[in-house]
1. If you check Glu158, Glu137, Glu120, Glu105, which single one turns out to be within 13 Å of the ligand (Cβ to nearest atom), farther than 18 Å from Ser26 by Cα and of a type in the set (Asp, Glu)?
2. How about the range 61-113: which of its residues are in contact with a Gly (Cβ under 7 Å, 6 or more places away or on another chain), modelled with pLDDT of 95 or more and not small (Gly, Ala, Ser)?
3. For Ala159, state whether it is more than 24 Å from Val58 (Cβ to Cβ) and either surrounded by 12 or more Cβ atoms within 10 Å (Cβ to Cβ) or among the β-branched types (Val, Ile, Thr) (or both).
4. Of all the helices (runs of 4 or more DSSP H) wholly in the range 44-142, which have at least 3 residues that are under 23 Å from Tyr16 (Cα atoms)?
5. Under 8 Å between Cβ atoms, at least 6 apart or on separate chains: pull out the pairs that start in the range 1-17 with a residue that is more than 13 Å from the ligand (Cβ to nearest atom) and end on any residue that is acidic (Asp, Glu).
6. Being among the charged types (D, E, K, R), over 21 Å from Arg49 (Cα atoms) and loosely packed, with under 12 Cβ neighbours inside 10 Å is the requirement here; does Asp101 meet it?
7. I'd like the full set of residues that are at pLDDT 95 or above and of a type in the set (Asp, Glu), limited to the range 127-157.
8. Restricted to the range 86-125, and to residues that are within 16 Å of Ile44 (Cβ to Cβ) and among the small types (Gly, Ala, Ser), which residue is nearest to the chain's Cα centre (by Cα)?
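The values are calculated or read from the model by the stated rules, or taken from the named source; none is laboratory data. The model shown is predicted, which means the values in this text are computed figures rather than measured ones. Every residue, glycine among them, receives a Cβ derived from its backbone with ideal geometry; neighbour counts consider all protein chains shown.
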Amino acid sequence: MRTLLISLVQSINGSYAQDDWSTGVSTDADFAYFKSLRRRAGAIVIDRRTALNPQLPVINAPGKAMAATPVHVLTSSDPDALAAELDARGLRYRAHHFSPDTLTEVLDSLESRTDTILCESGPHLAYRLLASYEQAELHLSLSPLYSRNPGSHFCRLEADIDLRLVGVESRDSQVFLRYRRA
Ligand SMILES: NC(=O)c1ccc[n+]([C@@H]2O[C@H](COP(=O)([O-])OP(=O)(O)OC[C@H]3O[C@@H](n4cnc5c(N)ncnc54)[C@H](OP(=O)(O)O)[C@@H]3O)[C@@H](O)[C@H]2O)c1
């Protein structure tokens with residue numbers, strides 16, 4: 001079974017983004033930590049909305065550290081429609097269907113350079129994967145920012161996920177928490 005690292009940043013008051021940008025809740029320490037996770041990853045997983053957001057830079061653009069890393073978009077909706085949309089936008093990401101029952105099989109079948117896969121999605125897909133995949137490890141950074149305005153973004157997924165803390169690290173006054181399923 002592969003290891004799935006899920007990277008998420010949250011502000012002190014629990015927001016995952018400001019005006020659709022996770023940079024609104026993250027810091028330079030997050031960026032450095034995020035790059036250290038990327039170096040371990042053989043493939044990247046993102047959600048449909050992140051993949052199709054025209055404002056976001058292409059994740060594995062030429063010249064970036066991830067240029068040779070496959071990017072997979074996981075969806076519980078129609079993967080063929082998603083693949084057509086990705087194609088129309090010239091995005092070289094691959095669309096895959098998943099459900100909680102097929103997730104292990106899907107993750108094991110993804111093209112990857114190593115047995116570690118990194119999820120860089122927003123909170124909804126991230127927590128759905130955490131709820132369904134035994135080998136998931138959540139890397140949660142609590143950035144030392146408080147920000148609440150109309151663009152604050154909170155996760156609305158309805159789920160109960162039992163977790164145990166497996167690691168705590170601090171860098172530059174910032175806390176990174178690692179969780180696995182209890
Ligand atoms: N803080 C961070 O670390 C971080 C990282 C990345 C992105 N972001 C931010 O997160 C936001 C996008 O992520 P999001 O998760 O909030 O996007 P979202 O559009 O709410 O959810 C993403 C995917 O989850 C499914 N989904 C949507 N609503 C759901 C619900 N209520 N219950 C279950 N599944 C649901 C859909 O997948 P299907 O295709 O399966 O239908 C959708 O494509 C952006 O603002 C982005 O900037 C933050």
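1. The conditions single out Glu158.
2. none
3. So Ala159 fails the test.
4. Where helices (runs of 4 or more DSSP H) fall fully within the range 44-142 and carry at least 3 residues being under 23 Å from Tyr16 (Cα atoms), they are 48-52, 123-132.
5. Met1/Asp108; Met1/Glu134; Arg2/Asp108; Arg2/Asp115; Thr3/Asp115; Thr3/Glu137; Leu4/Glu137
6. Judged against the criteria, Asp101 is a match.
7. Matches in the range 127-157: Glu137 only.
8. Ser121
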